[in-house]
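The values are calculated or read from the model by the stated rules, or taken from the named source; none is laboratory data. In this text the structure is predicted, and so the values were computed from the model without any measurement. With ideal geometry, Cβ positions are generated from the backbone for all residues, glycine too; neighbour counts draw on all protein chains shown.
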Amino acid sequence: MPRGTGANEPWEYIYLASLIKQHIGELFPGLILDGVHAFRVTRNSDLYIDDEEAENLLRTIEHELRRTSRGNAVRLEVEADCPKDFLELLLEFFNLSEADAYKLDGPLTMTHLAPLVANDAFAKLKDRPFQPARDPALPPHADFFEVLRRQDVLLHHPYDSFDEVVELVETAAKDPQVLAIKMTLYRTSGDSPIVEALIDAANAGKQVTAIVELRARFDEASNIQWARRLEEAGAHVIYGVVGLKTHCKAMLIVRRDADELRRYVHLGTGNYHPRTARIYTDFSLLTSEPQLSEEVATVFNTLTGLAGYPGLKKLMVAPFDMHSRFMKLIERERDNALAGKPARIVAKLNALVDQEIIEKLYEASCADVTIDLVVRGICCLRPKVPDLSENIRVISIVGRFLEHSRIFYFENAGQPRVFLSSADWMPRNFYRRIELAFPIETPALRDQIINDVIPAFLNDRVKARELQPDGTYRRLGPEGEEPRRQAQWQFREVSRERMKKLGGSTKKTRADRLVPIAVVKESGATGADEIGDAVKKKILVIDVGGSNVKVMISRAQRRKFKSGPEMTPRELVAQLKSLLQDWTFDAISMGFPAPVRNGCIMTEPKHLGPGWTRFNFEKSLGKPVRIINDAAMQALGSYRGRRMLFLGLGTGLGSTLIWENNVLPLELGDLPYGNDHIIEDYLGKSGLKQLGEKQWKGEVLRAVVLLKKSLIADYVVLGGGSAKKLDQLPEGVELGHNRNAFLGGVRLWQTDPHTRRPKWQIL
């Protein structure tokens, strides 16, 4: 407990368990207390899922998560003075044996000390703040696609900022020339800007495919949340591969460049997780190299079930061929050494467990291949054993940042080959996961790893510990006048020097923010428009329909209530005030199912009660209000350039035409359409009920094609609740998403960055 408020004041702390023990009599009055002893139980968190038996993997994992919250006990920790009879009682209750019990002379858990990290009193004990630098090839506001058409870019995180990766995804989501984005997601942050960008891309009409691994341990709940949001945005979500974990880190962007369709690729050794990218060491390769990007596309086709694995030249892919190809690379070094050619192997990884790989390394060592292994964690290989592993050296580096990158170097008789990977040399990585190992072939980037990165690890004399033949580790230090080299310090200094050259900015980058990025975006940013076009207000969006009123303050925060033919504007306001007491906002956008001109409702709606045309919403709600036709609002959220016709298939028929900055709400539903009917009678809910679904679909497609031609639209977006019934659409016609109404409501408040006037002209 604090004794003072300043950073220099003395502080004292007491464990909650100690406080409870001291006052236990007050908590249980009237009882005779025989003794008070604290204990701690660890439960099994494994998920037991039969992929072939589970009909719905998502629901199965959700059920297992609920079950594991009360999983079987696997360990019992008690205080050292805990009596034997009390311990036996606990063991019996939790169905544990004496081997599962641990007596501790001290606190049972240290996790409660984590808040102390944020205490100013301990600031002097913390590491010096580190600000990642940008790669010189990708300065602020760089055209990513232009850069990657000229050259490959290799980023070394956290010394190189992960912001560039985030910005690439966000740029792709906004770029009208980008047609598709495919990505694997194993772990990401709870406020992931990358997933938000994918949602924006899907809302903008791009083809988004996300392979979400639901079984990423301890991140299952977060991944389920993101998977649902991606699906709601219209993305194609694949819940991993049956029997395998999708552990590889890959992204594919398909873009329509001026000369051709081109693929842009990101391959990494670490997760798409901006927070862990600040404390884990990893590599990112950004490239548009044709053959490599084509092979990445083949991998995605394989994972999505569109093609079998054909075998690739550049990429090694587990569980298909990664293990066998690594074995052949080791064998080649062995054979080169026996032939008198240069031979050497350097591998940096988290764990070395695979027995066959270890045996091949022993063979290579016996053939006089020099082998250096940097293994952070478990290593089942014994180095420096006579006549077995004399030429193998193993070190472990544990520093400020968690060493997570995997690097593989093979001398190859003087023609070195370098691979980066998401995989360790473990059976689970080779046979039970989808993994990638990718080559670094650009000479400058390959030389950077060979001449700068690898030697820094091998020559570390501060944080490195060397594995001995008996399984113990010996801390390495400088010998004689040898300098105190430290790999991570060396990389940090290079990054700091680069920051100075680039201007020495001390502003925190996106990756260092603690404020959730998603909140910032959803309170105002459009998510699909030019930089500098953001809305500075927090917008409440109201979508008034004939059956329901939907209220949104972000894509994630939605509420609704029934409307119907009896609803009046006063009843709407009363419902809103009751529903929104805990929400704060600056302005309101309202989509209304009737003609709207200059922000005023022109006619009474067909499917609601009376009194709407002269009602003052700003006075009643106490906030600035902009009103637009409901179809126009959803159309504005669906628009991605050129000339777009939007048709809302709901209770009636909404329609809007958008080109450039012009929004023209239409009333196509009143057009004559055979036998003294209007088109809305056929395409609305009444038409669906009278015609039946099959005939209704035919009428919709016929009308859509005619309207597209008549209005010279480049493409048609179909929204509304009934649109999802259409499973086959003609060319130039696509399904929208009702949640685009939120984006349209936000866009309604956009201003031109030069004139500060409203960006969109509502005609």
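On inspection, residue 141 fails the criterion of being surrounded by 23 or more Cβ atoms within 10 Å (Cβ to Cβ) and either of a type in the set (Asp, Glu) or more than 23 Å from residue 299 (Cα to Cα) (or both). Candidates in the range 290-348 are the residues that are acidic (Asp, Glu) and out of contact with any Lys or Arg (no Cβ under 8 Å at 6 or more places or on another chain); of these, the one that is farthest from residue 245 (Cα to Cα) is 335.
Quick one: is residue 255 basic (Lys, Arg) and in a helix (DSSP H, G or I)?
Details: basic (Lys, Arg): yes; in a helix (DSSP H, G or I): no.
Spelling it out, it is not the case that residue 255 is basic (Lys, Arg) and in a helix (DSSP H, G or I).
Looking for something farther than 17 Å from residue 665 by Cα, basic (Lys, Arg) and without any contact (Cβ under 8 Å) to a residue 60 or more places away in the chain - is there at least one such residue anywhere in the range 605-628? There is at least one residue in the range 605-628 that is farther than 17 Å from residue 665 by Cα, basic (Lys, Arg) and without any contact (Cβ under 8 Å) to a residue 60 or more places away in the chain. Taken over the range 145-168, the criterion of being surrounded by fewer than 24 Cβ atoms within 10 Å (Cβ to Cβ) and assigned to a strand (DSSP E or B) is satisfied by 153, 154, 156.
One line per residue, one yes/no per condition, for (1) without any contact (Cβ under 8 Å) to a residue 12 or more places away in the chain; (2) of a type in the set (Gly, Ala, Ser); (3) part of a loop (DSSP other than H, G, I, E, B):
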position: 703; (1), (2), (3): no, yes, no
position: 707; (1), (2), (3): no, no, no
position: 713; (1), (2), (3): no, yes, yes
position: 727; (1), (2), (3): yes, no, yes
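Scanning the range 651-679 for residues that are surrounded by fewer than 23 Cβ atoms within 10 Å (Cβ to Cβ) and among the small types (Gly, Ala, Ser), we see that the one that is nearest to residue 721 (Cα to Cα) is 669. Those helices (runs of 4 or more DSSP H) of the range 388-485 in which 2 or more residues are without any contact (Cβ under 8 Å) to a residue 12 or more places away in the chain occupy 443-448.
Being over 27 Å from residue 385 (Cα atoms) and exposed (fewer than 10 other Cβ atoms within 10 Å of the Cβ) is the filter; apply it to the range 467-487 and report the residue that is modelled with the highest pLDDT. So the residue we want is 483. Taking the listed residues 650, 611, 637, 654, the one that is out of contact with any Gly (no Cβ under 6 Å at 6 or more places or on another chain) and among the small types (Gly, Ala, Ser) is 611, with no other qualifying. For the range 715-723, the criterion of being surrounded by fewer than 16 Cβ atoms within 10 Å (Cβ to Cβ) and either touching an Asp or Glu at 6+ places or on another chain (Cβ under 7 Å) or at pLDDT 85 or above (or both) is met by no residue. Can you tell me which of 74, 78 is β-branched (Val, Ile, Thr) and modelled with pLDDT of 90 or more? Matching residue, one of 74, 78: 78.
Suppose we filter the range 591-611 for residues that are part of a loop (DSSP other than H, G, I, E, B), of a type outside the set (Val, Ile, Thr) and surrounded by fewer than 22 Cβ atoms within 10 Å (Cβ to Cβ); how many remain? Don't jump to the end; show me each part of the working.
Residues of the range 591-611 part of a loop (DSSP other than H, G, I, E, B): 593-595, 598-599, 602-611.
Then keep just the ones that are of a type outside the set (Val, Ile, Thr); that gives 593-595, 598-599, 602, 604-611.
Next, only the ones that are surrounded by fewer than 22 Cβ atoms within 10 Å (Cβ to Cβ) stay: 594-595, 598-599, 602, 604, 606-607, 609-611.
So the count comes out to 11.
Of all residues in the range 144-160, those that are closer than 23 Å to residue 281 by Cβ have Cβ atoms under 6 Å from Cβ atoms of residues that are basic (Lys, Arg), 6 or more apart or on another chain, in 158/278.
Of everything in the range 235-252, what is assigned to a strand (DSSP E or B) and among the aromatic types (Phe, Trp, Tyr)? Give them in sequence order. Walk me through it before giving the result.
Taking the range 235-252 as the starting set, the residues that turn out to be assigned to a strand (DSSP E or B) are 236-238, 241, 244-246, 249-252.
Within the range 235-252, none qualify.
Filtering the range 327-361 to residues that are in a helix (DSSP H, G or I), closer than 21 Å to residue 385 by Cα and either touching a strand residue (DSSP E or B) at 6+ places or on another chain (Cβ under 8 Å) or not assigned by TED's automatic domain parsing to the domain that holds residue 457 (or both) leaves 330, 333, 357, 358, 361.
Taking into account only those residues within the range 636-673 that are assigned to a helix (DSSP H, G or I), modelled with pLDDT of 85 or more and among the small types (Gly, Ala, Ser), which is farthest from residue 716 (Cα to Cα)?
Of the residues in the range 636-673, the ones assigned to a helix (DSSP H, G or I) are 636-638, 668-670.
Filter once more, keeping what is modelled with pLDDT of 85 or more: 636-638.
From what is left, the residues that are among the small types (Gly, Ala, Ser) are 637-638.
Details: 637: 14, 638: 10 Å.
Here the residue is 637.
So which residues in the range 128-141 are more than 20 Å from residue 282 (Cα to Cα) and either under 23 Å from the mean Cα position of the chain (by Cα) or outside any loop (DSSP other than H, G, I, E, B) (or both), if there are any at all? Result: 140, 141. Say we look at the range 680-695 and pick out the residues that are free of Cβ contacts under 8 Å to residues at least 24 places away in the same chain and not small (Gly, Ala, Ser); which of these is surrounded by the fewest Cβ atoms within 10 Å (Cβ to Cβ)? Of everything passing the filter in the range 680-695, 694 is surrounded by the fewest Cβ atoms within 10 Å (Cβ to Cβ).
Which residues, taken from the range 92-135, are of a type in the set (A, V, I, L, M, F, W, C) and under 28 Å from residue 274 (Cβ atoms)? Result: 110, 113, 114, 116, 117, 118, 122, 123, 125, 130, 133.
Residues are listed down the side, and each one gets a yes or a no for (1) charged (D, E, K, R); (2) assigned by TED's automatic domain parsing to the domain that holds residue 285; (3) surrounded by 19 or more Cβ atoms within 10 Å (Cβ to Cβ); (4) at pLDDT 85 or above:
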site: 170; (1), (2), (3), (4): yes, yes, yes, yes
site: 177; (1), (2), (3), (4): no, yes, no, yes
site: 182; (1), (2), (3), (4): yes, yes, yes, yes
site: 188; (1), (2), (3), (4): no, yes, yes, no
site: 204; (1), (2), (3), (4): no, yes, yes, yes
site: 214; (1), (2), (3), (4): no, yes, yes, no
site: 228; (1), (2), (3), (4): yes, yes, no, no
